[in-house]
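Undergrad: Dropping the structure in here first, questions after.
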Amino acid sequence: MFQANIVRHELRRSLKSAWWWALGIASVHLIYLPFFRTFADNAAVLEKSLKQFPKAFLEAFGMGRISMATVLGFYTLIFLLVQILLAIQAARYGVALISREESERTADFLMTKPVSRLAIINSKLAAALTALLATQAVLWLVAFAGWAVFNAGHGYDQGRLALILSSALPFQLFFLSVGLALSQMVRLVRNPTPYALGLGLGMYALSAFNHMAGEIKLEWLTPFQYFDPATLALNGYEAHFLALDLAVVGVALALGYWRYLHRDIPTVT
Amino acid sequence: MNIIETQDLTKYYGQVRGIEGITLSVKEGEIFGFIGPNGAGKTTTIRTLLGLLFPTRGSARIFGKDVVRHGPEIRRDIGYLPSEVFFYEGMKIRDLLHYAAGFYPGDHTQRIQELTAYMELDVNRRVDELSYGNKKKVGIVLGLLHRPKLLFLDEPTLGLDPLMQRRFFDLIQRENRENGVTVFFSSHILSEVQRLCNRVAIIREGHIVEVSDIRALQQNSYKKVTVIAPDLTPDSFQLPGVADLRVEDGSLRFYFKGDINQVLRRLAALQVQDVTIEDPTLEEIFMHYYA
């Protein structure tokens, strides 16, 4: 059940924003990839200097388990920054998906039209997903093109790079769906940005904290751990984390849908 | 045939009453007034009928179909003009109207042209640049572009200048007369309800106080009596049915409901200088329900 004109309308708006997020992701690649040559050429010095840092510090940034002098090792560092952007983007889309109509007071306009709430949320979700996939397409493009230019003569497993990049999809789905569920649990979201930042950065902080405090296990709470770049580079997906991620997505979507289909639309003054 | 039918329609926001036990019916082709002060539950009633709110208790049917279960189907033939209109920022009026029209089957281009011309709207302007009154005009076009069979107007004239108000009323009356559009007209301004409506429901604190033919409401209930005579005291007209009795500068005013002969008999006993017995305005009748 989709409403074609809602999909079109939403796409026009979300692709505009996806473009900026893609630009951000491309910039991260463009800024950091050129440094790889320095890292690779001075591998021995690098390893030595990294040893000076406290182990917890390196862990917090996903370093130490994989050599920064390799393409994939170096990329785990960049991908962590990309993940933060992807998290905030997807969370923002999720939180704003429905709540935007209410905070911008257009909910009455939309919901007095002959369209069911199910068709509204389906259509909006389809548009948001398309925008996320478009962003991810740019990510794939800049990652592969970037490494083609900046690999400094070092070979790497392209399949493994593709695997790391593929994690962006289940990773963003987590934030999209949890953001949606969150937005439907509160009466009115006036501004989605604080929610999106809180969710994205909060999950990152949990992950960083988990690295540092080895005793307390928080890894099952945050997708930054489900899709830890170093682990993906070394061992690929961890089945239980992928399953957990998809389960959270399923539950959050169910919750978001159920609330939206049954709640009152507040009059905003 | 009844276009709208509600049965014990009740809406609570948590513990807070919105409306309670609203039972009313609106017939096909009538302009039905829904009057009451702000906060009485007018908007809650409309939002429940439109499917924006879920009733706590009771039910409502439009075109014979339940509003909760058949919302999208019902809304195909409903037009809605809210008291305050808001649109997507950055959109041109033309694009917004086109977006809205896309929800309804058929081509509405010509109708949109007619309506925007009638309301004197420049469709190339952006919605966020519009004044309050111009936004309202866009709202009017949005409410009518798909030729609805039922029109909900919620405080529709708020922000329209008198000239546009008149034009708007003409438009509504024409839709009603020529196309048989049923109108549910919510307002707290009685003169406009008086001007347009056949029947009115009066809502107060979430309850329907009275549903009445507008003429019956004016004629059959209260008379406004003004008497000028020497030696008047408030006791001169102590009768059952007298309300809001006031003595000012040798004149006596009151509202009376009941057998008017009783008043005439009292008058006959006085040396009257002047007397008027008239229908009160709806405004004045209305005051009584809230006195």
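Undergrad: Go through the residues of the stretch A:119-126 one by one and say whether even a single one is among the hydroxyl-bearing types (Ser, Thr, Tyr), closer than 19 Å to A:Leu253 by Cβ and at pLDDT 95 or above. So that I can check it myself, show each step before the final result.
TA: If we filter the stretch A:119-126 for residues that are among the hydroxyl-bearing types (Ser, Thr, Tyr), which is where we start, we get A:123.
Next cut, closer than 19 Å to A:Leu253 by Cβ only: A:123.
Now restrict to residues that are at pLDDT 95 or above: A:123.
Within the stretch A:119-126, one or more residues are among the hydroxyl-bearing types (Ser, Thr, Tyr), closer than 19 Å to A:Leu253 by Cβ and at pLDDT 95 or above.
Undergrad: Select from the stretch B:110-129 the residues that are away from chain A (no Cβ under 13 Å) and not in a loop (DSSP other than H, G, I, E, B) and list them in ascending order.
TA: Answer for the stretch B:110-129, where residues must be away from chain A (no Cβ under 13 Å) and not in a loop (DSSP other than H, G, I, E, B): B:Gln110, B:Arg111, B:Ile112, B:Gln113, B:Glu114, B:Leu115, B:Thr116, B:Ala117, B:Tyr118, B:Arg126, B:Glu129.
Undergrad: Same structure, new question: Search the stretch A:115-126 for residues being crowded, with 21+ Cβ neighbours inside 10 Å, within 21 Å of the chain's Cα centre (by Cα) and hydrophobic (A, V, I, L, M, F, W, C), and hand back the single one that is farthest from the other protein chains (Cβ to nearest Cβ).
TA: A:Leu125
Undergrad: Counting only residues that are over 23 Å from A:Ile84 (Cβ atoms) and without any contact (Cβ under 8 Å) to a residue 12 or more places away in the chain, give me the helices (runs of 4 or more DSSP H) lying completely in the stretch A:184-269 with at least 2 of them.
TA: Qualifying helices (runs of 4 or more DSSP H): A:239-262.
Undergrad: Could I ask something else about it? Pairs, please: C-beta under 6 Å, at least 6 apart or cross-chain, first residue within 30 Å of B:Glu192 (Cβ to Cβ) and in the stretch B:263-283, second surrounded by 12 or more Cβ atoms within 10 Å (Cβ to Cβ) and of a type in the set (Lys, Arg)?
TA: B:Ile277/B:Lys223; B:Glu278/B:Lys224; B:Pro280/B:Lys224
Undergrad: Could you count how many residues in the stretch A:136-191 are in contact with an Asp or Glu (Cβ under 9 Å, 6 or more places away or on another chain) and on the phi > 0 side of the Ramachandran plot?
TA: The total comes to 1.
Undergrad: Counting residues that are closer than 23 Å to A:Asp264 by Cα and either under 25 Å from the mean Cα position of the chain (by Cα) or within 14 Å of another protein chain (Cβ to nearest Cβ) (or both), which helices (runs of 4 or more DSSP H) fully inside the stretch A:35-114 reach at least 3?
TA: In the stretch A:35-114, A:71-103, A:107-111 are the helices (runs of 4 or more DSSP H) which contain 3 or more residues that are closer than 23 Å to A:Asp264 by Cα and either under 25 Å from the mean Cα position of the chain (by Cα) or within 14 Å of another protein chain (Cβ to nearest Cβ) (or both).
Undergrad: Take the stretch B:60-85 and flag every residue that is under 29 Å from B:Val123 (Cβ atoms) and within 9 Å of another protein chain (Cβ to nearest Cβ).
TA: Listed by number, the residues that qualify are B:Pro72, B:Ile74, B:Arg75, B:Arg76, B:Asp77, B:Ile78, B:Gly79, B:Tyr80, B:Pro82, B:Glu84, B:Val85.
Undergrad: Now, a different point. For the stretch B:24-67, name all the residues that are farther than 26 Å from B:Gln173 by Cβ and not small (Gly, Ala, Ser).
TA: Within the stretch B:24-67, B:Thr44, B:Thr48, B:Leu52, B:Leu53, B:Phe54, B:Pro55, B:Thr56, B:Arg57, B:Arg61, B:Lys65, B:Asp66, B:Val67 meet the criteria.
Undergrad: Pairs under 9 Å by beta carbon, first residue within 13 Å of A:Arg37 (Cα to Cα) in the stretch A:145-158, partner small (Gly, Ala, Ser), six or more apart or different chains?
TA: A:Gly146/A:Ala26; A:Asn151/A:Ala40; A:Ala152/A:Ala40; A:Gly153/A:Ala40; A:His154/A:Ala40; A:His154/A:Ala69
Undergrad: Can you tell me which of (1) out of contact with any Pro (no Cβ under 7 Å at 6 or more places or on another chain); (2) under 21 Å from A:Lys113 (Cβ atoms) is the one B:Asn176 doesn't meet?
TA: Tallying (1) out of contact with any Pro (no Cβ under 7 Å at 6 or more places or on another chain); (2) under 21 Å from A:Lys113 (Cβ atoms), B:Asn176 fails exactly one: (2).
Undergrad: Could you grab me the full set of residues in the stretch B:25-57 that are touching a residue at least 24 places away in the same chain (Cβ under 8 Å), in a strand (DSSP E or B) and either out of contact with any helix residue (DSSP H, G or I) (no Cβ under 9 Å at 6 or more places or on another chain) or within 14 Å of chain A (Cβ to nearest Cβ) (or both)?
TA: Across the stretch B:25-57, the qualifying residues are B:Val26, B:Lys27, B:Phe32, B:Arg57.
Undergrad: Given the residues B:Arg61, B:Arg17, which is the only one that is assigned to a strand (DSSP E or B), of a type in the set (D, E, K, R), out of contact with any strand residue (DSSP E or B) (no Cβ under 6 Å at 6 or more places or on another chain) and touching a residue at least 24 places away in the same chain (Cβ under 8 Å)?
TA: Result: B:Arg17 is the single residue among B:Arg61, B:Arg17 that is assigned to a strand (DSSP E or B), of a type in the set (D, E, K, R), out of contact with any strand residue (DSSP E or B) (no Cβ under 6 Å at 6 or more places or on another chain) and touching a residue at least 24 places away in the same chain (Cβ under 8 Å).
Undergrad: If A:Tyr156 passes every condition in (1) hydroxyl-bearing (Ser, Thr, Tyr); (2) crowded, with 24+ Cβ neighbours inside 10 Å; (3) part of a loop (DSSP other than H, G, I, E, B) but one, which one does it miss?
TA: Looking at each condition in turn, A:Tyr156 falls short on (2).
Undergrad: Among the candidates B:Tyr99, B:Tyr104, B:Tyr118, which residue alone is under 24 Å from A:Leu11 (Cα atoms), surrounded by fewer than 18 Cβ atoms within 10 Å (Cβ to Cβ) and at pLDDT 90 or above?
TA: Result: B:Tyr104 is the single residue among B:Tyr99, B:Tyr104, B:Tyr118 that is under 24 Å from A:Leu11 (Cα atoms), surrounded by fewer than 18 Cβ atoms within 10 Å (Cβ to Cβ) and at pLDDT 90 or above.
Undergrad: Further question on the same structure: Based on this model, can you work out whether A:Leu11 counts as within 13 Å of chain B (Cβ to nearest Cβ), assigned to a helix (DSSP H, G or I) and either touching a helix residue (DSSP H, G or I) at 6+ places or on another chain (Cβ under 8 Å) or surrounded by fewer than 16 Cβ atoms within 10 Å (Cβ to Cβ) (or both)?
TA: yes
Undergrad: May I pose another question? Residues that are closer than 23 Å to B:Gly41 by Cβ, assigned by TED's automatic domain parsing to the domain that holds B:Thr10 and within 12 Å of the chain's Cα centre (by Cα): which strands (runs of 3 or more DSSP E) entirely in the stretch B:130-230 hold 2 or more of them?
TA: B:150-154, B:182-187, B:199-204
Undergrad: Separate question: Give me the pairs: first residue in the stretch B:86-109 and at the interface with chain A (Cβ under 7 Å from one of its Cβ atoms), second residue polar (S, T, N, Q), beta-carbon distance under 8 Å, and six or more apart or on different chains, which are they?
TA: That search, which allows pairs on different chains as well, returns B:Phe86/A:Thr106; B:Phe87/A:Thr106; B:Tyr88/A:Thr106; B:Tyr99/A:Asn5; B:Gly102/A:Asn5; B:Phe103/A:Gln3; B:Phe103/A:Asn5.
The values are calculated or read from the model by the stated rules, or taken from the named source; none is laboratory data. Please read all numbers here as calculations on a predicted model, not as lab measurements. In this analysis, Cβ positions are derived from the backbone assuming ideal geometry, glycine residues included, and neighbour counts consider all displayed protein chains.
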